[in-house]
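The structure appears below as structure tokens.
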Amino acid sequence: MRRALVLLPLFLASCDEPAAENEQADRAPPAPAIVVTETEKPAPPPAEALDPQPVSWADIERAGLVGAGCAFVPAGAAANQAVMVSSSEGAVMKRRGAALTFAPDPDSREMPYGTRAVYTGTGLSLELAKAGGEGEVSGEETVRWPGILTVRDQQHRISYQAAGSLECGA
């Protein structure tokens, strides 16, 4: 028992040391703040420009898009220089002499003559936007609206965008 009494002060003294260290830590100047900055990611490269060519009647036939639908003509181009033709079955554009085909997105907004606002293709998607209203009668069975055609790549970067007219008919 005497041994326990002798060891008790040593034990209690060892308990006081961390408290003394804590007091010193409380009095010590604060550690300098470390500022962590997020490293800037390099900007993604711009999308490859699409530079569409006018779609020919042969392109339309090969794509199976003969019938009712819409054609987009960029502002300043001749009326017969449509760079995109769409129907309820799909859409076609032309780049570097090759036809690009697109499937309609059934979840997108319906446009005139059963066409859709969004079409998807291999590595690209296109979106059509038209002005509201009834449009302007432009032929026996056709109506024209101001519109915008936007083509995006897989990273959703704009490859082509133009204002023009969207002409729809049978």
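The values are calculated or read from the model by the stated rules, or taken from the named source; none is laboratory data. These figures come from a predicted structure and were not determined experimentally. Quick reminder, even Gly has a Cβ in these numbers, built from the backbone with ideal geometry, and neighbours come from all protein chains shown. The area values use the complete protein model at the heavy-atom level, side chains included, leaving out ligands, DNA and RNA. Shrake-Rupley method; radii C 1.70, N 1.55, O 1.52, S 1.80 Å.
Here's how it looks for residue 82: its modeled amide H is under 5 Å from those of 55, which are all 5 or more places away or on a different chain. Using 1/(1 + (r/R0)^6) with R0 = 22 angstrom and r between the beta carbons of residue 49 and residue 77, what's the FRET efficiency to the nearest 0.05? Efficiency, from the Cβ-Cβ distance: 0.85.
The stretch between residue 163 and residue 108 holds 17.8 nm of extra length on full extension. This uses 0.36 nm per residue minus the Cα-Cα distance. Working note: Karplus 6.51/-1.76/1.60 with θ = phi - 60° gives the stretch 134-148 the couplings 7, x, 10, 5, 10, x, 4, 10, 10, 10, 10, 10, x, x, 9 Hz, where Gly and Pro are set to x. Rounded if a/c is under 1.5, else prolate if a/b is larger than b/c, else oblate: which is the stretch 60-170, with a ≥ b ≥ c the root eigenvalues of its Cα gyration tensor? Rounded, since a/c falls under 1.5. Leaving ligands, DNA and RNA out of it, report the carbon-plus-sulfur percent of the accessible area of the stretch 32-170 at a 1.4 Å probe. Of the solvent-accessible surface of the stretch 32-170, carbon and sulfur hold 53 percent.
In the context of the full set of protein chains, the stretch 52-170 has a per residue accessible area of 51 Å² (1.4 Å probe). Here the 3J(HN,Hα) profile of the stretch 116-132, calculated from phi with Karplus coefficients 6.51, -1.76 and 1.60 at θ = phi - 60°, is 10, 7, 10, 10, 10, x, 6, x, 9, 9, 10, 10, 10, 10, 10, 5, x Hz, Gly and Pro shown as x. Close amide-amide hydrogen proximity is noted between residue 105 and 118, 119, 120, each under 5 Å apart and 5 or more residues distant or on a separate chain (H modeled in the peptide plane; Pro and chain starts excluded).
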